[in-house]
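Right, one structure below, let's go through it.
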Amino acid sequence: MFSRLPTITRALLIANVVLFFLQQPFLLGNDTFAPFMLWPLSEHGFDAFSPGQNFQPWQLLTYGFLHGSFGHLFFNMLALFMFGAPLEQTWGEKRFLTYYLVTVAGAGVCQLLVAALMGEGAPVLGASGGVFGLLLAFGMLFPNQRVMLLFPPIPMKARTFVIVFGAMELMLGFTGWQPGVAHFAHLGGMLFGWLLIRYWRGQPPFKPRGGGGSGRPNHLRRVK
């Protein structure tokens with residue numbers, strides 16, 4: 001089954017798992033990867049000549065390939081497997097990879113802004129921003145596809161699934177009921193994913209492309 005996964009989805013799964021093992025104390029350890037975690041701007045600022053526990057531009061992508069625990073990795077990779085494969089099969093490799101990396105970086109930008117406003121100083125890591133971007137895309141392209149919650153095991157339409165998770169992240173982000181989780185990064189991944197799909201479709205807030213959108217690829221339309 002793993003060998004039949006689309007190329008980019010399989011490569012992302014492998015990269016995340018390999019890097020997680022390299023993060024373990026018996027191999028390279030977390031300290032080795034500190035320059036690749038997403039450090040807030042308010043902690044040590046930006047120093048291009050001394051990468052370490054401070055923000056660097058590459059961290060907007062690299063943080064999305066690191067994880068803090070096995071559970072963190074497992075649930076992100078499960079979601080990547082579930083939602084990434086059908087999206088890559090629909091979009092193709094190039095568009096899928098572009099979308100995933102944009103949502104990871106967009107989630108990082110939102111997290112930096114929120115951390116600066118709230119004065120947070122802890123680094124962020126994990127593929128969750130990209131995963132929530134994939135969830136949003138799946139709900140937009142396959143709104144009536146049935147998906148199953150794990151806890152509790154309740155089936156629902158993908159569109160409903162996206163709305164429920166988006167609302168939960170918004171509530172948890174503003175209430176602080178689940179500290180230590182970058183809820184606004186998750187929302188940022190969804191926001192940038194939504195904007196990118198709207199851009200590709202030539203829908204507001206973007207201008208139509210290709211003479212009013214007549215040349216839009218069918219795979220960007222909603223699938224019932």
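The values are calculated or read from the model by the stated rules, or taken from the named source; none is laboratory data. Predicted model, so just to flag it, every value in this text is computed and none were measured. Positions of Cβ are generated from backbone atoms using ideal geometry, with glycine treated the same way; all protein chains shown enter the neighbour counts.
Some observations on this one:
- Where a residue in the stretch 129-150 is touching a residue at least 24 places away in the same chain (Cβ under 8 Å) and within 17 Å of residue 72 (Cα to Cα) and its partner, wherever it lies, is part of a loop (DSSP other than H, G, I, E, B) and not basic (Lys, Arg), with Cβ under 8 Å and at least six apart: 129/182
- Residue satisfying all of: in the stretch 184-224; surrounded by 15 or more Cβ atoms within 10 Å (Cβ to Cβ) and small (Gly, Ala, Ser); modelled with the highest pLDDT among these: 193
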